[in-house]
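For reference, the structure discussed in these notes is given below.
The values are calculated or read from the model by the stated rules, or taken from the named source; none is laboratory data. Predicted model, so just to flag it, every value in this text is computed and none were measured. All Cβ positions, glycine included, derive from the backbone under ideal geometry; neighbour counts span all protein chains shown.
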Amino acid sequence: MRPDNCVAYTLIDGLSGSESFFMEAAYESGKLPCLIIGGSAGGKLDFQNTWLYNNHETVQNKAVVTLIRFREDIRLGVLKSQNFKLSPYSLTVAQADPVRRTISSVVRNDTGELGDAISELCRHFRCDEAALEGKLRNYSFAITIDDDIYVRSISGINYETREISFYCDLDFGDELFLVENTDFVQSIERDYQQFRKNKGGVLLGGLFNDCILRRLYNQDRLGQVTCFDDVTIAGFSTFGELLGVNINQTLTALMFYRVREGDEFHDEYLDNYINKYSAFKGFFLKRKLNQINHIMMMKDRVWNTSMKSIELLSGVIETCSGKALENEELLGSINRRFKELIDSIEDSGEKGQTIGEELAKLSWNTDKIQNILREIVEITGQTNILGFNASIEAARAGQAGRGFAVIAREVKILADKTDASANGSKDSIKSLISSLDVLRIQSERIINTQKEARTNSLSLKEDIYLLAENSSAIERNITGNVSEIKQLKSNLDRMKDVIELLT
């Protein structure tokens with residue numbers, strides 16, 4: 001078997017979604033060291049069934065591989081045509097389901113950030129989601145292998161699940177390029193003219209595999225293609241093509257030439273097929289390497305973010321530790337001031353108690369003075385009566401009692417003055433007693449208030465003391481956490497050094 005005289009013409013059930021799995025297995029086995037070309041078997045446009053025939057029976061969920069070896073005078077050529085050109089914009093697939101052929105998240109190749117696939121496309125086209133599908137009408141997507149384009153067509157966009165579906169599978173690590181439509185007719189004619197160069201001999205015909213999507217999207221231009229008018233063509237309408245790997249919206253054709261001895265015949269594709277085969281086989285390995293590379297990049301970003309977070313956290317905890325220490329000192333100061341306040345309240349309470357006792361004594365003495373004044377008033381009254389009686393007796397005595405009458409009058413005047421003074425003192429004493437009663441009541445209230453303040457202050461003192469103890473415990477815990485975080489950061493630094501050595 002040689003690449004220039006043998007092909008593995010392969011048709012696979014187009015609804016199985018297994019083209020890439022089959023191709024990867026084929027390269028892994030090494031049992032088909034030749035060109036693998038063909039397509040995905042088609043069916044009706046209701047996409048309900050596809051059928052294959054293996055010379056014995058009709059089968060589904062299978063691949064039929066026909067190994068064809070050609071006579072020495074028959075040479076092969078491979079024509080590949082697609083009307084797309086690469087754009088500079090690309091994304092790397094992050095989250096994908098190769099079985100369902102969907103992707104949901106991508107890595108932006110310009111920033112390395114992870115994003116929602118639909119949102120990233122809207123960001124690129126600068127449109128909202130309602131306009132996205134309209135923007136994509138002139139575009140598709142593709143992977144590249146050995147600088148060649150392999151189209152991956154979108155089959156649908158689900159805005160609820162945030163998934164984009166494709167007709168070819170994609171997996172994590174695939175770099176997905178946005179490709180732009182070019183002129184359908186011109187691209188075929190250009191590719192065919194390039195294919196015909198350096199091919200001597202007689203063109204016998206071609207076996208075409210043409211994607212249904214390609215014809216549907218360009219059905220108004222199909223009749224304008226005239227470059228194959230003089231070529232005998234057989235072919236299949238497929239749900240996708242196989243040319244080394246699975247492709248969409250591409251014409252892949254196997255062309256047959258009869259070549260005489262001495263005729264020059266070169267086919268760029270098959271002349272370099274060893275390199276192509278290596279590139280196809282390496283594509284699946286490259287995908288795995290890309291996956292590992294992106295995982296390492298993501299781990300590195302997570303690592304760097306974690307290190308920054310740890311450093312930030314360490315700084316925050318150190319700051320908190322300092323603040324906790326300051327709070328502890330402040331609480332200690334407040335505690336001391338409250339102790340001074342409580343001592344002052346206690347001293348004030350003792351003095352208030354003393355004042356109350358003195359007021360009680362003063363009230364008692366005032367009562368005694370009041371009693372004495374009452375006695376003075378009684379004596380004054382008696383003296384006044386005595387002076388009155390003396391005046392009566394002096395009048396009876398006549399001329400002889402005139403001197404005694406003077407004395408009686410003076411006694412009466414003295415008694416009146418004493419009575420008036422005693423009554424005035426009595427009123428002053430009553431006013432003093434009233435004031436003392438008010439002062440005693442206020443003093444009792446002040447003493448009671450001081451007692452309540454002392455009780456509340458003692459309770460507050462206990463709370464502040466407990467708060468200070470808790471603050472001290474928190475500060476000790478924070479200090480311990482700072483030490484542990486620093487140790488963790490040191491361990492991470494050592495791990496990073498080891499990883500760098502290993503990579």
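Some points to look at:
- Output for segment 41-54, where each listed residue is among the hydroxyl-bearing types (S, T, Y) and surrounded by fewer than 19 Cβ atoms within 10 Å (Cβ to Cβ): Y53
- Conditions (1) under 23 Å from R100 (Cα atoms); (2) out of contact with any strand residue (DSSP E or B) (no Cβ under 8 Å at 6 or more places or on another chain); (3) modelled with pLDDT of 90 or more: number failed by A26: (2)
- Residue in segment 3-19 that is on the phi > 0 side of the Ramachandran plot, surrounded by 12 or more Cβ atoms within 10 Å (Cβ to Cβ) and touching a residue at least 24 places away in the same chain (Cβ under 8 Å) present: yes
- Flag if E311 is modelled with pLDDT under 75, more than 18 Å from L207 (Cβ to Cβ), charged (D, E, K, R) and not assigned by TED's automatic domain parsing to the domain that holds G115: yes
- Counting only strands (runs of 3 or more DSSP E) wholly contained in segment 134-213, the ones carrying 1 or more residues that are touching a helix residue (DSSP H, G or I) at 6+ places or on another chain (Cβ under 6 Å) occupy 139-145, 163-166, 175-181.
- For segment 256-281, filtering for residues that are more than 26 Å from T232 (Cα to Cα) and either in contact with a Phe, Trp or Tyr (Cβ under 9 Å, 6 or more places away or on another chain) or surrounded by 16 or more Cβ atoms within 10 Å (Cβ to Cβ) (or both) leaves 5.
- Applying the criterion of being in contact (Cβ under 8 Å) with a residue 60 or more places away in the chain and surrounded by fewer than 21 Cβ atoms within 10 Å (Cβ to Cβ) to the residues of segment 103-112, the residue that is farthest from D183 (Cα to Cα) is G112.
- Taken together, the residues in segment 240-269 that are farther than 25 Å from R152 by Cα and assigned to a loop (DSSP other than H, G, I, E, B) amount to 8.
- Per-region count, segment 200-248, residues basic (K, R) and surrounded by fewer than 19 Cβ atoms within 10 Å (Cβ to Cβ): 2
Conditions tested, residue by residue: (1) buried (at least 18 other Cβ atoms within 10 Å of the Cβ); (2) in a strand (DSSP E or B).
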{"residue": "M23", "(1), (2)": "yes, no"}
{"residue": "P33", "(1), (2)": "no, no"}
{"residue": "I36", "(1), (2)": "yes, yes"}
{"residue": "G39", "(1), (2)": "yes, yes"}
{"residue": "H56", "(1), (2)": "no, no"}
{"residue": "A94", "(1), (2)": "yes, yes"}
{"residue": "I118", "(1), (2)": "yes, no"}
{"residue": "L121", "(1), (2)": "yes, no"}
{"residue": "A131", "(1), (2)": "no, no"}
